[in-house]
1. List the chymotrypsin sites (Phe, Trp or Tyr not before Pro) in the stretch 5-78 that DSSP assigns to loop (not H, G, I, E or B) and whose Cβ has at most 13 other Cβ atoms within 10 Å. Which are they?
2. In debye to the nearest 20, how big a dipole does the chain give about its Cα centre with +1 on each Lys and Arg Cβ and -1 on each Asp and Glu Cβ?
3. Ordered by packing density, taken as the mean number of other Cβ atoms within 10 Å over each peptide's residues, highest first, how do 73-85, 165-177 rank?
4. Could you give the size of the charge dipole of the stretch 43-138 about its Cα centre, using +1 on the Cβ of each K and R and -1 on the Cβ of each D and E, expressed in debye and rounded to the nearest 20?
5. Which peptide among 118-127, 46-55 comes first, and what is the full order, when sorted by highest mean count of other Cβ atoms within 10 Å?
6. Given points 7 Å out from each Cα along the Cα-Cβ axis, report the Val162 to Leu147 separation in nanometres with one decimal.
7. Quick one: of the DSSP bridges fully inside the chain, what percent are antiparallel, nearest 5?
8. Which is farthest toward the positive dipole end of the chain among Ala159, Ala7, Ser141, measuring Cα position about the Cα centre, with Cβ charges +1 (Lys, Arg) and -1 (Asp, Glu)?
Amino acid sequence: MPERTIALVTGANKGIGYKIAEGLGALGWSVGVGARDDLRREAAVERLRAAGVDAFGVPLDVTDEAGVAAAARLIEAQAGRLDVLVNNAAIAGVMPQEPTGVDPATVRTVVETNVIGVIRVTNAMLPLLRRSASPRIVNMSSSVGSLTRQSGPDAEQTAGPVAVVYAPSKTFLNAVTLQYARELSGTNILINVGCPGYVATDLNGFRGVRTPEQGAAIAVKLATLPDDGPTGQFFDDAGPVPW
């Protein structure tokens, strides 16, 4: 029997993250449910197991250096390696976010989770990913971070309302992903950005028009890329998204 693929999904106790974990688990993978809330994490693990997924809980607050290191040690003890990392955990920050009225503290808080948290988790998990035959990293971003769409004539329709915190945090994440792709060029690690679309989650007050399952599809696709698949690119369900 082939070895079971090991994945970790951050922010996986609800919404898109939960559906990503469910989708990867449906492939027969063992999935670490990364979440900071103990009760919600374990409830998610129980639901996934009831659905037939080989799920295990990973206490994980992406803003906590010691906690992220502990999560890496847990996965090493549990599986000895990591095949797929999906950086899904994110926050929107206090709204509204007009540039002239925003509290700089809100910017710091959102970037700490949406960008620095991704760097922190990725670097902690890289030694385990390097042990995999086909390692994949998927960073869940958003098309609202596309500078092309933000600067286009139909920005309100393609990139949402003015949001000087959340949207630039995703632009920042996209740029960080490109830097990882450049450094990891020539290795077998593929790293890409996925946009789930406008999904109804608590992050947007459930105003989205897509389901969490639909939003999770791009992550599952990028997590299962073949060895000759793309790296350092930005995709949604329709294909490449302009930077």
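1. Loop-located and lightly packed - none at all.
2. I would put it at about 240 debye.
3. With the highest mean Cβ count within 10 Å placed first, the list reads 165-177, 73-85.
4. Charge dipole of the stretch 43-138: 440 debye, to the nearest 20.
5. 118-127, 46-55
6. Each label point lies 7 Å from its Cα, and together they span 2.1 nm.
7. Roughly 5 percent of the DSSP beta bridges within the chain come out antiparallel.
8. Ranked along the dipole, the leading option is Ala7.
The values are calculated or read from the model by the stated rules, or taken from the named source; none is laboratory data. Computed from a predicted structure; not experimentally measured. Ideal geometry is used to build each Cβ from the backbone, glycine not excepted, and the neighbour counts take in all protein chains shown. What goes into the accessible areas is simple: the full protein's heavy atoms, side chains included, and nothing from ligands, DNA or RNA. Shrake-Rupley method; radii C 1.70, N 1.55, O 1.52, S 1.80 Å.
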